[in-house]
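Each value in this text was obtained by applying a stated rule to the coordinates, not by laboratory testing. Treat the numbers as computed from the prediction; the structure is a model and nothing was measured. Every residue, glycine as well, gets a Cβ built from its backbone with ideal geometry; the counts of neighbours run over all protein chains shown.
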Amino acid sequence: MGFCLMVNPRNWLAEAISTFALVFFGPLAVILAASVFGDGLTIEGIIMISLAHGAAIAFMVYAFGHISGAHINPAVTIPMMITRKIGIADGIGYIVFQIIGAIVATGTLVALFPEIGKSVFWGAHGGPSELLGGSMMSGLVVEIVLTFFLVTVIFMTAVHKKAPKSVYGAVIGGMVFLLHLVGVPLTGASMNPARSLSPTLFSGDAGLWEVQWLYWVGPIVGGIIAGVIMNYIYVNKAEKEA
């Protein structure tokens, strides 16, 4: 979420660690919520899952925001590349290490919870819910809208020159909490291809692979739309005035 223009493997490691945290603690909350509150969508479970994802993002943004920018998400890195906030080579490194961090996190969960974790496929996203009528197009729109607002908040707090930097971790984490609160019952609230890919890799479930494209196309499209609009309407103007 910062301005990293040179290739820096130290930053890639920061992205792997940050993404590990998200994909460990977020899905761990899914596993625990299912164990404590049952497999169905309960209010307690949704709040627990939303808090875990939001807190993991907030804490990692504060921990690594000044190192790598703490993108933690290919759908954040890609708009950063398009708007030239990060170089292409560095951006590719970020995405590769985000995916590696996510896979190691899910592998850890699989090793720790081989039985109870399998009931929820270690936090995998299973496509649009019955609340959306199972419609893939509706699910796609939801993921685009959710990610649009996630990346909007990132650009307007972490990237914008005039934004107060002391609060951006809390604001981004809070937005992740809100988006999960409303998005978990609809699509699982991915907004992050790396977060969706890694549990699917371990799931052994063909049905999860059939909906995987939703969690790549939706977040990336929503992120690009937000990043381009915020950058060229607001961020660039502030940089020229600085």
Say R0 is 35 Å: what FRET efficiency, to the nearest 0.05, do Thr42 and Arg84 get from their beta-carbon distance? 0.20
Computed over the Cα atoms, what is the radius of gyration of segment 65-167 divided by 2.2 N^0.38 Å, N being its residue count? 1.32
Evaluate the relative contact order of segment 166-242 (contact order divided by residue number), counting alpha-carbon pairs under 8 angstrom at least 6 apart; express in whole percent. 23
Dipole of the chain [Lys/Arg +1, Asp/Glu -1 at C-beta], most positive-end residue of Gly26, Asn236, Tyr94: Asn236
How compact is the chain by the rule of thumb for globular proteins, expressed as Cα Rg over 2.2 N^0.38 Å? 0.95
Between Met136 and Val96, what length comes free when the chain is fully extended (0.36 nm per residue of separation minus the Cα-Cα distance, one decimal in nm)? 11.7 nm
If you take the square roots of the eigenvalues of the alpha-carbon gyration tensor of segment 1-113 and sort them as a ≥ b ≥ c, do you get rounded (a/c under 1.5), prolate (a/b over b/c) or oblate? prolate
Calculate, for Val228 and Lys165, the FRET efficiency according to 1/(1 + (r/R0)^6) with r their C-beta to C-beta distance and R0 25 Å; round to the nearest 0.05. 0.65
For Phe149 and Asp205, compute 0.36 nm times the residue count separating them, minus their Cα-Cα distance, and round to one decimal in nm. 17.1 nm
Please work out the C-alpha center-to-center distance from segment 140-189 to segment 39-63 and express it in whole Å. 13
Working note, segment 119-165: Cα radius of gyration (Å, one decimal) and Dmax (Å, whole number) are 15.5, 46
Rounded to whole Hz, the Karplus (6.51, -1.76, 1.60) HN-Hα couplings of segment 164-177, x for glycine and proline: x, 6, 5, 10, 5, x, 5, 5, 5, x, x, 5, 4, 4
If one puts a single equal scatterer on every Cα of segment 138-177 and applies the Debye formula without solvent, what log₁₀ I(q)/I(0) results at q = 0.20, 0.21 Å⁻¹? -0.58, -0.61
